[in-house]
1. Charges on Cβ only, +1 for Lys and Arg, -1 for Asp and Glu, centred on the Cα centroid of segment 141-247; of 228, 186, 155, which one is farthest towards the dipole's positive end?
2. Within 10 Å, count the other beta carbons around each residue, average over each peptide in 158-168, 354-364, and list them highest first.
3. Out of the DSSP beta bridges found with both residues in the chain, what percent are antiparallel (nearest 5)?
4. How much mean residue ellipticity at 222 nm does the chain get from its helices, if each DSSP H run of length 4 or more adds -39500 (n - 2.57) and you divide by all residues, to the nearest 500 deg cm²/dmol?
5. May I ask you to derive the relative contact order of segment 223-350, considering only C-alpha pairs under 8 Å and at least 6 residues apart, and to give it as an integer percent?
6. Please label the shape of segment 161-233 as rounded, prolate or oblate, based on the square roots a ≥ b ≥ c of the eigenvalues of the alpha-carbon gyration tensor (a/c under 1.5 means rounded; beyond that, a/b larger than b/c means prolate, else oblate).
7. In segment 1-151, if the dipole is taken from +1 on Lys/Arg beta carbons and -1 on Asp/Glu beta carbons about the Cα centre, which of 113, 19, 63 is farthest to the positive end?
8. Projecting each Cα onto the charge dipole of the chain (Lys/Arg +1, Asp/Glu -1 at the beta carbon, about the Cα centre), which of 254, 201, 347 comes out farthest on the positive side?
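The values are calculated or read from the model by the stated rules, or taken from the named source; none is laboratory data. All values derive from a computational prediction rather than experimental measurement. Cβ placement follows ideal geometry from the backbone for every residue including glycine, while neighbour counts extend to all protein chains displayed. When the accessible area is computed, the model is the full protein with side chains, heavy atoms only, and any ligands, DNA or RNA have been set aside. Shrake-Rupley method; radii C 1.70, N 1.55, O 1.52, S 1.80 Å.
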Amino acid sequence: MSKNVDSLFKPFSLKSLSLKNRIAMAPMTRSFLPEGIPTEDVASYYRRRAEGGTGLIITEGTTINDPVATMNQKVPQIHGQQPLAGWNNVVKQVHAVGGKIMPQLWHVGMARNPQKAPFPELPSVGPSGLLSPGKKVAEPLTMAQIHNLIESFASAAADAKRIGFDGIEIHGAHGYLVDQFFWNGTNQRIDEWGGSMANRGRFAVEIVKAIRAATGPDFPILLRYSQWKQQDYTARLAETPQLLEEFLAPLSEAGVDIFHCSTRRYWEPEFDGSDLNLAGWTKKLTGKPTMTVGSVGLNGDFFGAFAGKSSSTRSIDDLIERIDKGEFDLVAVGRALLQDPQWTNKIHQGNMNALETYSGDALATLS
């Protein structure tokens, strides 16, 4: 690394949120929570990253109050007395060392395997009951179910604010429930929740509005979205900047404060004829702050990590150039922080030789 890192360590403020730097911990599912309740080990895990200098912690996906929201019993919940008490402890520990923290609100939708999840007698839910394009395994959500899910997201956000979180992120990426509404491959509805880009975005728009009503005007709302899906890595919500603007505008108007733009590799341009990545285009089209993510500090992408593969470190000079130019405002770091809780401090100190090479073994423990 040869670039000055000062731009990564400028404070960032938005509404009630004040961050000491531009680095966030990306949400990463860990499945180390018995019965969905955050333990002391979980609190220590997040605290270590805040102690390591990371300005904002975004938790692993934590599921809203719906019996089929989760994949397994070791995924955290953000409803019920015991899980909320556990999260309150996590918040206190992160705040005690000067960090800020938000939960990622999650419903897995049709990505759930009923045989491996709680309530196996209940079918998974999605806009059209499609597990992937053309593969229907359940009935479409009813209007009543859709409205109940919207209220569950809002209740989760209200609880998050009540127990001290600094904002919330909606998981609208990677082929899970919210994204299943976005993507025409899994949303074949012919009512107001499907069809046009605006209709496919309506579920998320209504969630944002309900959260805003439940939490007030100053509570930050982040939305994570992606073009790619776990069902199809080449899938795209928008093939052109014009279509991307059509997708983003209603979400921005509804009250999304920061767009968290998930890509496999942050350095790859989103559209031909421009070097801007997805976060760069999103900021250009909405005027809202954006967060980039995707293999920051590493050469190998995260699909290899799922297979237990290690990854060598990668210079972040180009990342710094992009943030210097204002292409995006925040940077989410995943596996590099999973491997090394002190990653942010080491970057700040210019101590690049001390950065740890990512090992696939890091997924096996909550270190």
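1. Most positive-ward Cα: 155.
2. Ranked from most to least packed, the peptides come out as 158-168, 354-364.
3. 20
4. One gets -9500 deg cm²/dmol as the mean residue ellipticity at 222 nm.
5. Computed over segment 223-350, the figure is 21 percent.
6. Since a/c reaches 1.5 but b/c is at least a/b, the shape of segment 161-233 is classed as oblate.
7. 19
8. 347
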